[in-house]
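Derivation of every value follows stated rules applied to the coordinates shown; laboratory data play no part. Everything numeric here is computed off the predicted structure, so don't read it as measured data. FYI the Cβ positions are ideal-geometry reconstructions off the backbone, even for glycines, and counts take in every protein chain you see.
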Amino acid sequence: MSIPFLHRRRLLAATMLAIGLGTLLPAHAAWPEKPITIVVPYAAGGFADTRIRLVGRKLSEALGKPVVVDNRAGAGGVLGTAYVAKAAPDGYTLGAGNLAPLAVNPSLMAKMPYDAAKDLAPIVLIENSPLILSVSRELPVKNVRELIALAKEKSGQLSFGSSGVGGAHHLSGEMFREQTGTQLVHVPYKGGAPAGADLMAGHLSMMFEMGYAAMPAIQAGKIHPLAVTSRQRLAILPDVPTLDESGVKGFESYNWQGIVAPAGTPRPIVDRLNAEFNRILRDPEVAKAIADTGSQAGGGTPEDFGRFIASETVKWKKVIQAGNIKLD
């Protein structure tokens, strides 16, 4: 056997190996090659939708591909989240990962069309949104301690409103009731706006609201803020203490959202998305938009977000069970 013949055989074998490897290279090697869709499990125009459209635009600029927001509302965020969980894990379908469909509804609903821990891959936490505990101007209290004292004096007579069963407004009120040993009447509304209007009108005693919703009424002097639900005070309300400072030790509550993908999405794509979103959260326009609504920017690794979702699931499950909360 001649040396040239051996050389030709080796060259042919190397060529065939290269062709074979080429067919085995992961499809995500050139990702992204087409538009990316981010599914928002709520209606267009709401808080979650507005924020996702902003970071989606920034992601499009970073990747050089269109990013389309697809609103799939229904069942407290479950319908849209289920759609993401069942989508192809190729990096072209992402979802807004929100408090209710990821950490609350699994404890509220008898049957879920997905398992948040198994069917979804966390990408990154986008933001935490603390709530503001405000009271009607007609309520004769100036701080949380006076509110608790009045609630115990008039047991079962004070009310708190919410945008519906199982939302951050509702669960914050339930946790407050549990931790303070008070008997409060929950009044659910079909949305936060009508509940806020009734608080201003004096038809409700108190309410936990997100900053963007509560601040106009606070600035107009129509409601009185007593405390915030975050660990630290908010820059938009520097003189308003936290609930922990006000004597309700350890109280912490947020409405939050992040980005998730179908489970099985290739790790290189998950890491690329995580890096891009972390960079986007440092963008001045995004940082200002988050701060202006009283929210706090997220960030961190996919594992950080996964642990956060798990801890929130445990926390709210305890509140739901303690209050025997059920969806009608």
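Charge dipole (Cα centre; +1 on Lys/Arg Cβ, -1 on Asp/Glu Cβ; no other charges) of region 37-115 amounts to roughly 120 debye. What does DSSP give for the chain in terms of the percent of beta bridges that are antiparallel, rounded to the nearest 5? Just about 65 percent of them are antiparallel. Modelled label positions at residue 282 and residue 60, each set 7 Å beyond Cα in the direction of Cβ, lie 2.5 nm from each other. Estimated purely from DSSP H runs of n ≥ 4, each contributing -39500 (n - 2.57), the mean residue ellipticity at 222 nm for the chain is -13500 deg cm²/dmol once divided by its residues.
Summarising the amide proton neighbourhood of residue 39: residues at separation of 5 or more, or on other chains, whose placed amide H is nearer than 5 Å comprise 70, 94, 95, 96. 3J(HN,Hα) along region 218-230, derived from phi through the Karplus expression 6.51 cos²θ - 1.76 cosθ + 1.60 where θ = phi - 60°, amounts to 5, 5, 7, x, 8, 9, 10, x, 9, 6, 10, 8, 8 Hz, with x in place of Gly and Pro. Compute the angle between helix 267-281 and the longest alpha-carbon principal axis of the chain, please, reported from 0 to 90 degrees and rounded to the nearest 10. Taking Cα atoms only, the helix is inclined about 50 degrees.
Using the Cβ-Cβ distance between residue 110 and residue 197 with R0 set to 35 Å, the FRET efficiency works out to roughly 0.60. Database remark: amide H of residue 298 closer than 5 angstrom to the amide H of 127, 128 (H placed geometrically; neighbours at sequence offset of 5 or more, or on other chains; Pro and chain starts carry no H). With viscosity 1.567 mPa s and temperature 4 °C, the Kirkwood radius over alpha carbon pairs of the chain converts through Stokes-Einstein to a diffusion coefficient of 60 µm²/s. Once the Cα-Cα distance is subtracted from the 0.36 nm per residue extended length, the residue 235 to residue 142 segment shows a gain of 31.4 nm. With the simple model of a label 7 Å out from the Cα in the direction of the Cβ, residue 118 to residue 303 spans 2.3 nm. In this label model, residue 157 and residue 249 are separated by 3.1 nm, measuring between points 7 Å along each Cα→Cβ vector.
In terms of the mean number of neighbouring beta-carbon atoms within 10 Å, the peptides 173-182, 109-118, 285-294 order highest first as 173-182, 285-294, 109-118. Near residue 288, which lysines are there with a Cα under 25 Å away, not counting those fewer than 8 places off in the same chain? Within the straight-line cut-off, residue 288 pairs with 58, 65. The alpha-carbon of residue 315 sits under 17 angstrom from the alpha-carbons of these aspartates and glutamates, leaving out residues fewer than 8 places away in its chain: 174, 178, 244, 252, 304.
Its Cα gyration tensor gives region 288-328 an equivalent ellipsoid, and the semi-axes of that ellipsoid, as √(5λ) in whole Å with the largest first, are 27, 17, 7.
Computed extension gain for residue 183 through residue 149, at 0.36 nm per residue and net of the alpha carbon distance, reaches 11.1 nm.
Computed on region 237-328, with alpha-carbon pairs under 8 angstrom and 6+ residues apart, the relative contact order is 17 percent. List the lysines whose Cα sits under 20 Å from the Cα of residue 317, skipping any in the same chain fewer than 8 residues away. Qualifying lysines at Cα under 20 Å: 111, 118, 249, 326.
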